[in-house]
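The values are calculated or read from the model by the stated rules, or taken from the named source; none is laboratory data. Worth saying up front: this structure is predicted, and the values here are computed from it rather than measured. Note: ideal-geometry Cβ built from the backbone for every residue, glycine included; neighbour counts use all protein chains shown.
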Amino acid sequence: MKFLKLLAFFCLWVIYSPLIHAELNIDITKSFESKVPIAISPFGSSKTLTENISAIIDNDLNRSGYFKTLAEQDMLSQPTSANQVVMKNWQILGQEYLVVGNTQRARGGYEIFFQLLDVSKNEQIMDYKITADATGLRRAAHQISDLIYEKLTGNKGIFGTKVAFVSSHGHVNNRNYQLQVADVDGHNSQTIVSSKEPIMSPTWSPDGNKIAYVSFENHRAAIFVQILTTGNRIKVTSYPGINGAPAWSPDGRKLALTLSKAGSPDIYILDLSSKQLTQLTDNHWINTEPAWSPDGRTLVFTSNQTGKPQIYKISSNGGKATRLTFKGSYNANASFSPDGSKIVMVHATAANYKIALMNLNTGAIKTLTQGSLDESPGFSNNGAMVLYATRRAGRGILEAVSIDGRIKQPLAFQNPEVREPAWAP
Amino acid sequence: MRIKTTVLILMVTFLTACSSTNETDQGFIDNGLPDASVDGYNAYGGNVTSNYGTTTPYNPSSQENYNDPKQTFINDSAAFAKETIYFMYDSSEIRPQFIPIINKYIHYLRANPNQVIILEGHADERGSREYNIALGEERAISVARIMEAGGVFRGQLEFVSYGEEKPASLGHNEAAWRLNRRVNLIYQRN
């Protein structure tokens, strides 16, 4: 009897084990090489609202680089809650996940209900209610995308974030430069500054209320700090020569920046309230692109004191700089991860400029991108993604890449030429 | 006078030799230079508006007026017709074929000590933007050093670097990049 039981178990194991094995393989390859099929069934009463919530979620997930969404006309049914779902209708279409939802008017706005279902396992894995007023519907939709993305990928989503960037257009002798802020999906784009002369290097204050940038509007470089809500601004430096590369200290009280008033580019720290200027580097080489560590104690910067640009670090109190990068002929424009353990930078070997991640504990460098003119990298607040500028089909675009380099997500801006992205805090 | 000129030429040659680096030539071998600078440059303009929240249109109060290079050359000699110095990749070395051009500027500036010249440094688009600002300034300073050594007063020389922000050519290949690695020489209107 015991033997029979054992035999039966063995048979079952033989029958099932290839399946289990196969499923594991599928999971691994699907996660990283092919896109995960997900259907967003149109939300109930979604089309009567000012924002089509399910369409926004569909667009977010589709552009994430991780999912492939199902077109509305290919759906066999359009349930708006989990209890209406006939799972077979989605299994037959090869879907792995299904999102259903509904919107109800509530006091002061709307209640959005949604469920995330695992189609093959036939089970519900998320059930949420989100409230929003009429002006917050788009943000609520991005929030839902973020929740779904994090649940299924383990990484935080970036759909609800804002980004500042520089765009330019026009012929060489009649160019326009704009500093803009927009949602990461390209909506709600607002122009902060526009000029016939270059605008560069936007950087957010840690509280997200101000942006510092470089403007050449007087045919000279000057650094400005502008309050976003009022549009008021102050010129913080306009010394002869370079006024560049502003970087806000984590406490928001100081700007690290580059000035060449003493003859060559050096890093300085400007106290924004006392206007006191402290020089941090002092040599005849190029020293520029300062970036603060999250604890405010250290800065990294680019210097060519060995002939080629490499990344150095220095205490925010000054002192001797230490070289950090030794691999690659060109390392520049570094910035810290939120936990301070990594930096991202422009990294070139053989004149191909890519974005690379360096682990500060091990010194290991990992290339994240495959472009030849990639630049201006910066981490997302959660440290999971790096936003940078690259070129596609003759256009300057912005793209986010996961820090393992596996998932890329182009940002959908209509502008012909965008660059220098800065993720809002 | 003759001795002075000889000393000047020697100094210029010496400085040029000193500033050479170990950059490799990336295919820019023609000795004549493509004259794209006048087409590619417009120092006018500067309208700045701001419309995030409450709009406060901005009026540049201290807008410098730049001389139109074409205008200057009509008044002066045709020898001034090339007003752009081009550079090799990641280099601020002045190549020998540009020395005669700089010398003509030196003569004019020495004869007109109240004339100010703006040396506008530029870089190609490769690499990071702020590093390219620094590189553009190095190029402008290279030209300024030769002019100063040639007897031009320091007060006559101003420089500004636009890095890769104001390309003379919008392409993304060496044909465009070699036109963008440059210093534009612009007389300031007095």
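Suppose we filter B:I101, B:I85, B:I94 for residues that are touching a strand residue (DSSP E or B) at 6+ places or on another chain (Cβ under 9 Å), more than 29 Å from A:P421 (Cβ to Cβ) and surrounded by fewer than 21 Cβ atoms within 10 Å (Cβ to Cβ); which single one remains?
On the way: B:I85 fails: surrounded by fewer than 21 Cβ atoms within 10 Å (Cβ to Cβ); B:I94 fails: surrounded by fewer than 21 Cβ atoms within 10 Å (Cβ to Cβ).
That would be B:I101, the only listed residue that is touching a strand residue (DSSP E or B) at 6+ places or on another chain (Cβ under 9 Å), more than 29 Å from A:P421 (Cβ to Cβ) and surrounded by fewer than 21 Cβ atoms within 10 Å (Cβ to Cβ).
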Handout entry: Subset of the stretch A:169-197 (residues that are closer than 20 Å to A:T390 by Cβ and at pLDDT 95 or above)
Key = A:Y177, A:Q178, A:L179, A:Q180
Handout entry: Residue check, A:S189 surrounded by fewer than 17 Cβ atoms within 10 Å (Cβ to Cβ) and of a type in the set (S, T, Y)
Key = yes
Practice task
State yes or no: is B:R145 within 30 Å of A:A356 (Cα to Cα) and either within 14 Å of the chain's Cα centre (by Cα) or not in a helix (DSSP H, G or I) (or both)?
Solution key: no
Exercise for the section: Would you confirm whether any residue within the stretch A:291-308 is closer than 23 Å to B:S92 by Cα and of a type in the set (K, R)? Expected result: yes
Handout entry: Contacts under 6 angstrom Cβ, first residue in the stretch B:103-129 being more than 14 Å from chain A (Cβ to nearest Cβ), partner assigned to a loop (DSSP other than H, G, I, E, B) and not hydrophobic (A, V, I, L, M, F, W, C), 6 or more apart
Key = B:I106/B:G150; B:L109/B:Q115; B:R110/B:G151
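Within the stretch A:399-416, identify whether any single residue is within 14 Å of chain B (Cβ to nearest Cβ) and either crowded, with 17+ Cβ neighbours inside 10 Å or within 16 Å of the chain's Cα centre (by Cα) (or both), and answer yes or no.
From the stretch A:399-416, those within 14 Å of chain B (Cβ to nearest Cβ) are A:416; that's our starting set.
Going one step further and asking which of them are either crowded, with 17+ Cβ neighbours inside 10 Å or within 16 Å of the chain's Cα centre (by Cα) (or both), we end up with none.
The answer is no, given that none of the residues of the stretch A:399-416 is within 14 Å of chain B (Cβ to nearest Cβ) and either crowded, with 17+ Cβ neighbours inside 10 Å or within 16 Å of the chain's Cα centre (by Cα) (or both).
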Completion exercise
Taking the stretch B:152-164 and keeping residues within 12 Å of B:Y131 (Cα to Cα) and either of a type in the set (G, A, S) or outside any strand (DSSP E or B) (or both) leaves B:S161, B:G163, B:E164
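Take B:L170 and tell me if it is within 11 Å of another protein chain (Cβ to nearest Cβ), in a helix (DSSP H, G or I) and out of contact with any strand residue (DSSP E or B) (no Cβ under 6 Å at 6 or more places or on another chain).
On the way: within 11 Å of another protein chain (Cβ to nearest Cβ): yes; in a helix (DSSP H, G or I): no; out of contact with any strand residue (DSSP E or B) (no Cβ under 6 Å at 6 or more places or on another chain): yes.
Taking the combined requirement at face value, the residue does not satisfy it.
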Practice task
Could you please find all residues in the stretch A:71-98 being under 15 Å from A:S34 (Cβ atoms) and either surrounded by 15 or more Cβ atoms within 10 Å (Cβ to Cβ) or not assigned by TED's automatic domain parsing to the domain that holds A:E123 (or both)?
Solution key: A:Q95, A:E96, A:Y97
Handout entry: Residue ranges of strands (runs of 3 or more DSSP E) in the stretch A:49-124 with at least 3 members in contact (Cβ under 8 Å) with a residue 60 or more places away in the chain
Key = A:97-106, A:109-118
Problem - Number of the condition not met by A:Y388 [criteria: (1) more than 25 Å from B:E165 (Cα to Cα); (2) buried (at least 24 other Cβ atoms within 10 Å of the Cβ)] - result: (1)
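Would you point out which residue out of A:T349, A:T390, A:T367, A:T362 is closer than 24 Å to A:V166 by Cα and among the hydroxyl-bearing types (S, T, Y)?
Details: A:T349 fails: closer than 24 Å to A:V166 by Cα; A:T367 fails: closer than 24 Å to A:V166 by Cα; A:T362 fails: closer than 24 Å to A:V166 by Cα.
Going through A:T349, A:T390, A:T367, A:T362 in turn, the sole match is A:T390.
Restricting attention to the stretch A:402-424, which residues are in contact with an Asp or Glu (Cβ under 7 Å, 6 or more places away or on another chain) and not in a strand (DSSP E or B)? If you could, list the steps in order and put the result at the bottom.
Step one: list which residues in the stretch A:402-424 are in contact with an Asp or Glu (Cβ under 7 Å, 6 or more places away or on another chain), which gives A:408-412.
Scanning the stretch A:402-424 gives A:L411, A:A412.
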Practice task
Count, please, the residues in the stretch A:283-311 that happen to be surrounded by fewer than 22 Cβ atoms within 10 Å (Cβ to Cβ) and either touching a residue at least 12 places away in the same chain (Cβ under 8 Å) or not assigned by TED's automatic domain parsing to the domain that holds A:P338 (or both).
Solution key: 13
Handout entry: Any strands (runs of 3 or more DSSP E) falling wholly within the stretch A:157-219 and containing at least 3 residues that are more than 22 Å from the chain's Cα centre (by Cα)
Key = A:162-171, A:174-183, A:190-195
Exercise for the section: Select from the stretch A:370-425 the residues that are under 18 Å from A:H187 (Cα atoms) and of a type in the set (F, W, Y) and list them in ascending order. Expected result: A:F413, A:W423
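Name the strands (runs of 3 or more DSSP E) wholly within the stretch A:301-392 that hold at least 2 residues that are of a type outside the set (V, I, T)? I'd like the intermediate steps shown before the answer.
Numbers: elements: A:310-315, A:330-336, A:342-349, A:352-359, A:365-367, A:375-379, A:385-392.
Counting at least 2 such residues, we get A:310-315, A:330-336, A:342-349, A:352-359, A:375-379, A:385-392.
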Handout entry: Selection from the stretch A:222-264 of residues that are assigned to a loop (DSSP other than H, G, I, E, B), free of Cβ contacts under 8 Å to residues at least 24 places away in the same chain and more than 7 Å from every other protein chain (Cβ to nearest Cβ)
Key = A:S238, A:Y239, A:P240, A:R253, A:K261, A:A262, A:G263, A:S264
